[in-house]
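Notes for the one structure printed next.
The values are calculated or read from the model by the stated rules, or taken from the named source; none is laboratory data. Please read these numbers as outputs of a predicted model, since none were measured by experiment. Note that each Cβ is placed from the backbone with ideal geometry, even for glycine, and that neighbours are counted across all protein chains shown. Ligands, DNA and RNA are stripped out before the accessible areas are found, and what is left, the full protein with its side chains, is counted by its heavy atoms. Shrake-Rupley method; radii C 1.70, N 1.55, O 1.52, S 1.80 Å.
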Amino acid sequence: MRMTIPLFIAAVFAAPSLWAQDAFDACEVFTQADAEAALGTTAAPEPVNPKVKRNPKAPIPTCKYDGFKDGKTVAAIVTFKSGKAESEVQKAFDEHRLAVQTKPMLISGAEAFWSGKTGQMNLRKGKTWIQLSVGVEKVTDRDPDQAKKLAMILERKIQ
C-alpha cells in the first residue's frame, strides 16, 4: 500500500509546486526501471490495497519497489517533499541536515547529503526535497553509492 502524506509535512509543504497536476504520484517520477538500476536487480512495485479508498486528487509522495539480491530482501524507497518557496524547502532541508549525522555528497545541479544514522540520501533541488533509501532493511548496511546512483537519476527528472 502506498503511503499518504503525513499531516506535519502537509502543514510545512502546503502548496507543493511538484504537485501542480491534480494527482501527483511519486511512482510516475520514480519508475520501476530507476529502482532496478539502483538496486542492481529486478524490483516490483508495492501492491496497491484495493480496500483503501483515496482521494484521486490527493498526492502520493512516496514510492517503494522491492526485490531480492544475494538472498536478501532489498528495497528502494523515495519520498518527495515540495514547498511554496525555495527558501522554505532550504530551511527544512538544513534543519534536517543538522538533526542527523551527515556526509556531504557531490551531485551536479543539486544539494545532497548522506545520513548514516537514517540510511538515507537527501537531495534538494529548487523547491523539491527528495529523501531516498536503497538496499537492505538494516540501515547501517545500506550503501551510499547505490543511493547516490538513484539520486543522480532523479535529479535529472526534477526542476
In the range 75-110, residue modelled with the highest pLDDT [restricted to those that are closer than 25 Å to LYS138 by Cα and among the polar types (S, T, N, Q)]: THR79
Some residue of the range 76-89 being without any contact (Cβ under 8 Å) to a residue 40 or more places away in the chain, within 24 Å of GLN32 (Cα to Cα) and buried (at least 21 other Cβ atoms within 10 Å of the Cβ): no
Strands (runs of 3 or more DSSP E) contained in the range 105-159 and holding at least 2 residues among the β-branched types (Val, Ile, Thr), open to solvent by less than 50 Å² (accessible area, probe 1.4 Å) and within 19 Å of ALA33 (Cα to Cα): 128-136
The range 90-113, subset touching a residue at least 12 places away in the same chain (Cβ under 8 Å) and of a type in the set (A, V, I, L, M, F, W, C), residue nearest to ILE153 (Cα to Cα): ILE107
Residue count, the range 51-77 (criterion: over 19 Å from PRO144 (Cα atoms) and outside any strand (DSSP E or B)): 11
